[in-house]
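Beneath this line is the structure, given in structure tokens, with notes to follow.
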Amino acid sequence: MSREVFTTSVVGSWPRPAWLLQELRRKNRGEVSYEQFSEVADEAVLLAIKYQEDAGIDMITDGEQRRDNFYSFVADKLEGIKLMSVAELMDYVQDRQRFEEVLSRLDVPAFAIKSPVVVGPIRKRRPIALDELQFLKEHTRRRIKVPLPGPYMLTRASWVEPLSREAYWSREDLAMEYVRLLREEILQLAEAGAHFVQLDEPTLTEVVYGGVSTQTFMCAAIMAKTDPKEELEFATELINKTVKGITGVKIGIHVCRGNWTRAEGSLLRGDYAPLMPYFQEMKVDQFVLEFATERAGGLNVFEGTSGIRELGLGVVNPRTDEVESVDFIVSKVREALRYFDPERIYLNPDCGFGTFAESPVNRAPVAYRKLRSMVEAAERLRQEYA
Ligand SMILES: [Zn+2]
């Protein structure tokens, strides 16, 4: 049976074992080097590979085991970026009262509120993800997906004007630096045999639905500009500049509504409709989107759209204990089949199972059963449609 229809994949992170977290804390305290930590993480990556392979997933990741989360890990990789706590950042916030109000409503534990901030010229100290890919290549024969933080999210999270102005004249200048770095990395990943590079841009929903005073999932984002149209145009431009002319690797964008808590009420709500005009302008192969959670709205947002080539369809919620039935997943895919051919639909969880190292949204055995259900659904669908 062809594997080219209803490919099963994951979005990125996998829950990290307790012994890896201990080593991660030692690295963050400066007691061990990144390289020493990474040797311990090798073992955790092997476990993440085994879970995904045993479940029967077609295209796997390394579970982001070497990262503390999906974006601030760049502090390990790039010079010029410093991880700063809320307390440190308070001195640079204009509207302190509002900042405090927003923080008090956030269901984000203090550890997560450490932002990568640009404090000097950005230079690569190590590859951003090439080391992760090389280890995976040696240990799996499955197709490989590599998640990277997207250029807009990186810019938005790390630009704190009073600190970043030392090295970059404007937010736009900093963004161009990220575009250059990410392009270089994607070209190297393609050359080294990655099958799929996923740019994570979860803050796009925050632009649309975060509003002025609601929750957000990145403290730096609170200080960002808030004109949604301008921001979305800027994000589209950055993404297109990042991927322009790159061939030989599939490129996708992942957009969700936050994944730091199981309290669904603390996460953003609203469909993809306001983003669709921008999605249609983005020159990427696939959109990796949430559809298992009802907060993400329906698939009818694709009605009448053009230029969206592939859908990475979220069919299981990473934040629940209940494992979605094969029937539930199959019916979601049937909805998607109204807008996409079978070879253009990938089956995914809505997001990672352990976005923030210290606060995974699920346990590995439950995550494994969710992947199993996804794979069974894909098998049933292949028999029907291949
Ligand atoms: Zn996500």
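The values are calculated or read from the model by the stated rules, or taken from the named source; none is laboratory data. Remember, it's a predicted structure, so these values are computed and weren't measured experimentally. So basically every Cβ, Gly included, is an ideal-geometry build from the backbone, and we count neighbours across all protein chains shown. Ligands, DNA and RNA are stripped out before the accessible areas are found, and what is left, the full protein with its side chains, is counted by its heavy atoms. Shrake-Rupley method; radii C 1.70, N 1.55, O 1.52, S 1.80 Å.
Computed quantities for the displayed model
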{"item": "Loop trypsin sites (Lys or Arg not before Pro), the stretch 134-196, which have at most 13 other Cβ atoms in a 10 Å radius of their Cβ (DSSP)", "result": "ARG141"}
{"item": "Charge-dipole axis of the chain as Lys and Arg at +1 and Asp and Glu at -1 on Cβ define it, positive-most pick from TYR346, GLY265, ILE308", "result": "TYR346"}
{"item": "Out-of-range pairs (alpha-carbon distance over 25 Å; input LYS229/LYS250; LYS229/LYS283; LYS137/LYS241; LYS114/LYS145; LYS145/LYS241)", "result": "LYS229/LYS250; LYS137/LYS241; LYS114/LYS145"}
{"item": "Calculated [θ] (222 nm, deg cm²/dmol) that DSSP helices of n ≥ 4 give over the chain, each run adding -39,500 (n - 2.57)", "result": "-12500 deg cm²/dmol"}
{"item": "TYR34/ASP341 FRET efficiency (R0 51 Å; Cβ-Cβ; nearest 0.05)", "result": "0.75"}
{"item": "For the chain, share of DSSP beta bridges that run antiparallel, in % to the nearest 5", "result": "20"}
{"item": "Gaussian network model of the chain, Cα within-10 Å springs - most flexible of THR242, THR140, THR261", "result": "THR140"}
{"item": "Choice from MET90, MET276, MET153 showing the highest fluctuation, given a GNM over the chain with Cα pairs closer than 10 Å", "result": "MET90"}
{"item": "Between the stretch 116-137 and the stretch 172-203, the Cα center-to-center distance that results, in Å", "result": "11"}
{"item": "Angle in degrees between helix 18-28 and the longest Cα principal axis of the chain, rounded to the nearest 10", "result": "30"}
{"item": "The chain - charge dipole about Cα centre, Lys and Arg +1 at Cβ, Asp and Glu -1, debye rounded to 20", "result": "340"}
{"item": "GNM result for the chain, Cα springs below 10 Å: residue of LEU289, LEU199, LEU78 fluctuating most strongly", "result": "LEU78"}
{"item": "Rounded accessible area per residue of the chain, 1.4 Å, Å²", "result": "39"}
{"item": "With every protein chain in place, the chain: carbon and sulfur % of accessible area (1.4 Å)", "result": "47"}
{"item": "Quarter of the Cα convex hull surface for the chain, i.e. its orientation-mean projected area (nm²)", "result": "17.0"}
{"item": "Qualifying lysines (Cα of each under 16 Å from Cα of LYS332; at least 8 residues distant if same chain)", "result": "LYS370"}
{"item": "3J(HN,Hα) from dihedral phi, the stretch 128-137, Karplus parametrisation 6.51/-1.76/1.60, rounded to Hz, x for glycine, proline", "result": "6, 9, 4, 5, 5, 4, 4, 5, 4, 4"}
{"item": "Alpha-carbon centroids, the stretch 262-286 and the stretch 54-76: separation in whole Å", "result": "22"}
{"item": "Range in the chain, longest, excluding exposed GluC sites (Glu not before Pro) [loop by DSSP; at most 16 other beta-carbon atoms within 10 Å]", "result": "32-165"}
